[in-house]
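The values are calculated or read from the model by the stated rules, or taken from the named source; none is laboratory data. Predicted model, so just to flag it, every value in this text is computed and none were measured. Virtual Cβ from ideal backbone geometry, glycine too; neighbours counted across all protein chains shown.
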Amino acid sequence: MTVWDRPEPQPRPVPLDRERIVAAAIELADEGGLEAVSLRKVAARLDTGPMRLYGFISTKEELFDLMVDEVHAEILPAERPGDWREALRGHAHRTRQAALRHEWLADLLGGRPSLGPNALAVTEGTLAALDGLDGLAGLDTTMRAVETVGAYLTGAIRREIANVRAERTTGLSKFDWQRAHGPHVTRMLATGRFPTLARAVHDGTDVDAETSFSTGLEWILDAVAAKLAPPEDGSR
């Protein structure tokens, strides 16, 4: 039985429910990451005893599941997208923005599917935008399309969040880090052992994280569109 199927205990003199527990856990995670979240710390934030929480949540993993599902409410589209591409694009950008607000989300993306009501609603909305395309490309192809976009999304978000954390930990911005390591890179490139890398460093265009994310996403969507298009001769 999942945490969503298990009824909550009856209220006691001190009001407590899963909604308040999850809100407190998200506050702690936003402040200090997942390592800052424990049932003891959540109970302290709510000014109650840890044992009271066990009537609502059995394990920390269940708490993480509830936290992820709560954030999925921020990822739900405000209105039904116009087409599959808009749906997948919007889902990707909303997920990225949610991860930038809640950095700990990046640590929980890419595992087993979340089964909470908000996560299921997000999945339903994405698949609904692709509904009908399986008659042209095949159901398995449309499912692989969603998985492909999801894989790009997870990898790109984790990389960006890792960079954000590195800047905060070291106190060095991306450009500060580049300046600090510039002499070493210059010496290594001057050896002539890395000509392709040297050309990329000297001639490549440096873009911000949002531009990099958006560009990569559009390339992925272009590839998906090619796979979803019916063959010109009408064959499957």
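Is it the case that some residue within the stretch 3-23 is among the basic types (Lys, Arg), in contact (Cβ under 8 Å) with a residue 60 or more places away in the chain and part of a helix (DSSP H, G or I)? No, the stretch 3-23 contains no residue that is among the basic types (Lys, Arg), in contact (Cβ under 8 Å) with a residue 60 or more places away in the chain and part of a helix (DSSP H, G or I). Annotation: of all residues in the stretch 57-102 being under 13 Å from the mean Cα position of the chain (by Cα) and among the basic types (Lys, Arg), the one that is farthest from Ala119 (Cα to Cα) is Arg101. Somewhere in the stretch 89-103, is a residue under 30 Å from Pro7 (Cβ atoms) and exposed (fewer than 14 other Cβ atoms within 10 Å of the Cβ)? The answer is no, given that none of the residues of the stretch 89-103 is under 30 Å from Pro7 (Cβ atoms) and exposed (fewer than 14 other Cβ atoms within 10 Å of the Cβ).
When Glu160, Glu147 are screened for being without any contact (Cβ under 8 Å) to a residue 40 or more places away in the chain and either surrounded by 13 or more Cβ atoms within 10 Å (Cβ to Cβ) or not β-branched (Val, Ile, Thr) (or both), only Glu147 passes. In this structure, Trp84 qualifies as modelled with pLDDT under 95, of a type in the set (Phe, Trp, Tyr), buried (at least 17 other Cβ atoms within 10 Å of the Cβ) and within 30 Å of Leu130 (Cβ to Cβ). Of the numbered criteria (1) loosely packed, with under 15 Cβ neighbours inside 10 Å; (2) under 30 Å from Ala225 (Cβ atoms); (3) not polar (S, T, N, Q), the one Arg40 fails is (2). For the stretch 70-92, how many residues are outside any loop (DSSP other than H, G, I, E, B) and farther than 23 Å from Glu31 by Cα? Here the count works out to 9.
Evaluate the following for Val3: is it in contact with a helix residue (DSSP H, G or I) (Cβ under 9 Å, 6 or more places away or on another chain), within 15 Å of Gly116 (Cβ to Cβ) and at pLDDT below 95? When the stated conditions are applied, Val3 passes them. Checking Arg94, Arg101 one by one, the residue that is in contact with a helix residue (DSSP H, G or I) (Cβ under 6 Å, 6 or more places away or on another chain), among the basic types (Lys, Arg) and closer than 24 Å to Ala78 by Cβ is Arg94 and no other. The number of residues in the stretch 24-41 being touching a Ser or Thr at 6+ places or on another chain (Cβ under 9 Å) and without any contact (Cβ under 8 Å) to a residue 24 or more places away in the chain comes to 1. Kindly indicate whether any position in the stretch 226-236 is of a type in the set (A, V, I, L, M) and modelled with pLDDT of 90 or more. Among the residues of the stretch 226-236, not one is of a type in the set (A, V, I, L, M) and modelled with pLDDT of 90 or more, which makes the answer no.
Taking first residues from the stretch 176-198 that are without any contact (Cβ under 8 Å) to a residue 24 or more places away in the chain and partners that are among the small types (Gly, Ala, Ser) and surrounded by 11 or more Cβ atoms within 10 Å (Cβ to Cβ), the Cβ contacts under 7 Å between residues at least 6 apart in sequence or on separate chains come to Leu189/Ala198.
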